[in-house]
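Trainee: Let me give you the structure first, and then I'll get to my questions.
The values are calculated or read from the model by the stated rules, or taken from the named source; none is laboratory data. Nothing here was measured: the structure is a model prediction, and the numbers come from that model. Because the Cβ atoms are built from the backbone with ideal geometry, glycine has one as well, and the counts that use them run over all protein chains shown.
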């Protein structure tokens, strides 16, 4: 043996032990159905927790809603949530590890169970001994019959027929064996899309006054590789924000007219969005989720129009109110407070002593502190939730494949054997589902064969329990 051959042999022996360990120890464990079910249940439980527990909120939100005393269920406090990562479940290392491990389990199961089952189903084999037919779930022995005639009958029923000497084998529904493989592949595609979205996606929230232009900046949750998804060379302008109200004053729907602008400020795309009708551009989706009052425009006597901000007041959960202070003297020694609850235009005016002075509507005027105060406009802000998830198309593709695989799995894989020997004709078969229908089909095949003589023996036709 040459030194080169010796080296090659040594390397082959070096790699054979790990391969053998992987094949005999690791793959059986990963391909165990019990492990796959346990992983799937764990993923389901943590996914439910990510739906019940609000994700991506500021720390103060969890401190207020999940206090340490009393802790929810006696242990679930904000410290536990933040430490474990339940405030961003889908991006934690342990949840992604569960997805990867589940994907490995599916892959191992596919290669150790599904592919061998498909390979066995694709190969044809002949039963050439009468005793072999006794072991089949459905079998018959008659004194007349022809393999050639049986072949024609089965081919009309879309069977693929193989014949050798005095034996015949036929099968159909091989797609039913491919279905589980497609289901496993689709789940792997869904997992890949989910992992890609968790690593590369982001979520942001913006509160933008009507008429303002903004870029996505307030990112509240993102993956480690989400930087490439955040828009850099285009921005969005809120052309107008408005609310439709019902006759009793309740909010019916709120709308935002948005324009996507390129680097030069030219409009690329425009759409009016509302709840459940977002704007999608360049892989980023803008959802209408909230609203606020950003400011008020007023005029004092014949002064220029003043733009003043309005802030949301703390009402202790009694409703949403916004307020501002309007000076009525140049030295700011006097003024009035204005309170608004919506964009319908009704405002309450309060003096420096906190007493109610009256009310005023948008476009109308009121006398306060010897000054004519005119409310020109209430400026609304649109609350937008902005998401980018490059894995969504992959997830949709996976679910499409999953539906196809489930349909394929419902096809029955049916097999029929036949043997001519010593003047007798043996026929038997089996299927993996729809056994009653298969029994009926075998009986019809027997009827289409040559009519048996009175001495024909059908006593061995074992009906399958429904």
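Residue-wise test of (1) touching a helix residue (DSSP H, G or I) at 6+ places or on another chain (Cβ under 9 Å); (2) in the same structural domain as residue 87 (by TED's automatic domain parsing); (3) modelled with pLDDT of 90 or more.
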position: 224; (1), (2), (3): yes, no, no
position: 241; (1), (2), (3): no, no, yes
position: 252; (1), (2), (3): no, no, no
position: 255; (1), (2), (3): no, no, yes
position: 262; (1), (2), (3): no, no, yes
position: 278; (1), (2), (3): no, no, yes
position: 286; (1), (2), (3): no, no, yes
position: 303; (1), (2), (3): no, no, no
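Trainee: If residue 162 satisfies every condition in (1) in contact (Cβ under 8 Å) with a residue 24 or more places away in the chain; (2) touching a helix residue (DSSP H, G or I) at 6+ places or on another chain (Cβ under 8 Å) but one, which is the exception?
Mentor: Going through the list (1) in contact (Cβ under 8 Å) with a residue 24 or more places away in the chain; (2) touching a helix residue (DSSP H, G or I) at 6+ places or on another chain (Cβ under 8 Å), residue 162 breaks only (2).
Trainee: Shifting gears a bit: Conditions: (1) surrounded by fewer than 18 Cβ atoms within 10 Å (Cβ to Cβ); (2) in contact (Cβ under 8 Å) with a residue 12 or more places away in the chain; (3) in a loop (DSSP other than H, G, I, E, B). Residue 248 meets all but one. Number of the miss?
Mentor: If we test residue 248 against (1) surrounded by fewer than 18 Cβ atoms within 10 Å (Cβ to Cβ); (2) in contact (Cβ under 8 Å) with a residue 12 or more places away in the chain; (3) in a loop (DSSP other than H, G, I, E, B), just (2) comes out false.
Trainee: Something else now. Considering every residue within segment 105-115, establish whether at least one is farther than 21 Å from residue 175 by Cα and either surrounded by fewer than 19 Cβ atoms within 10 Å (Cβ to Cβ) or free of Cβ contacts under 8 Å to residues at least 12 places away in the same chain (or both).
Mentor: No, segment 105-115 contains no residue that is farther than 21 Å from residue 175 by Cα and either surrounded by fewer than 19 Cβ atoms within 10 Å (Cβ to Cβ) or free of Cβ contacts under 8 Å to residues at least 12 places away in the same chain (or both).
Trainee: A further question on this structure: Can you report the number of residues in segment 130-141 which are touching a residue at least 60 places away in the same chain (Cβ under 8 Å), out of contact with any helix residue (DSSP H, G or I) (no Cβ under 7 Å at 6 or more places or on another chain) and not in a helix (DSSP H, G or I)?
Mentor: Selection size over segment 130-141: 3.
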